[in-house]
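Single-structure report; data block below.
None of the figures in this text is laboratory data; all of them are computed from the coordinates on show. Just so it is clear, the model here is predicted, and its values are computed rather than measured. Counting neighbours? That spans all protein chains shown, and the Cβs are built from the backbone with ideal geometry, glycine included.
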């Protein structure tokens, strides 16, 4: 099945939401890199939060973070030193994904979208692949804690 | 955040849908094992299809398959021998996930749920983890092509 490319007006709310969530929740400034169209089996970062969206447009949003970003974010949110990728780290990545997507969804209210629950993929060599015909937009970011990336696929239902 | 446990009446439509999809699309009989509550970081099978659901209930459904199940399913659907996990295999797992969730959603129409688009996780040592407070039900299956598993989390919105 072939879908239309994602509309650019769907992307800016996600970029703004990433910036706001990292600044307000983690006190981290982020620097955005060049957008790209994800195509194929590029390996993902070590931890990926996934949320599905459905409504007038539907799709998925992935927040891929390095281990250091995940651990640092968890330490900031909980005020505790983390030593391993445990449930606290999974919950922190799930919650960041949830807040980023929730913020963007609010700005895209004309699309009347509902969010599913986040799931979090953990694994050094995993890849999250979109079906053929979906062309997700990748938005790479750098922060003082390391790199992370948002990938957004959203097509008209 | 703590959610109520998944209702058992939400599970049967998924079991029926798995059986129907594997029989009609792949001509494969499946044998269901004992249901379990997924809790923690049990490693996933090599390929996982993920779809988000939202509506009166919301959550995620994961179809985890062994490499052999994924390759066999793709060969049956395409009528071609597969040698590697490529886009055809990803699409086949995404489409099976889509059909299983679509079939169950139709039987749960009172929940008025919408489906996102599938994404597919590929990687030998990945784990898909649900946030704390979500208690997904795991439904293991055996088929002549090998083992696979459906994991369903669905909570009232």
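Residues in the range A:91-120 that are under 12 Å from the mean Cα position of the chain (by Cα) and at the interface with chain B (Cβ under 7 Å from one of its Cβ atoms): A:94, A:118, A:119, A:120. Scanning the range B:131-141 for residues that are within 14 Å of the chain's Cα centre (by Cα) and closer than 21 Å to residue A:94 by Cα returns B:136, B:137, B:138. Considering every residue within the range A:122-133, establish whether at least one is over 19 Å from residue B:113 (Cβ atoms), more than 14 Å from chain B (Cβ to nearest Cβ) and surrounded by fewer than 21 Cβ atoms within 10 Å (Cβ to Cβ). No, the range A:122-133 contains no residue that is over 19 Å from residue B:113 (Cβ atoms), more than 14 Å from chain B (Cβ to nearest Cβ) and surrounded by fewer than 21 Cβ atoms within 10 Å (Cβ to Cβ). Looking at this structure, is residue A:16 touching a residue at least 12 places away in the same chain (Cβ under 8 Å), over 25 Å from residue B:62 (Cα atoms), more than 14 Å from chain B (Cβ to nearest Cβ) and not in a loop (DSSP other than H, G, I, E, B)? Criteria met by residue A:16.
Per the listing B:33, B:64, B:79, the residue uniquely touching a residue at least 60 places away in the same chain (Cβ under 8 Å) and more than 21 Å from residue A:94 (Cα to Cα) is B:33. Restricted to the range A:43-80, and to residues there that are outside any helix (DSSP H, G or I) and farther than 16 Å from residue A:128 by Cα, the residue that is nearest to the other protein chains (Cβ to nearest Cβ) is A:54.
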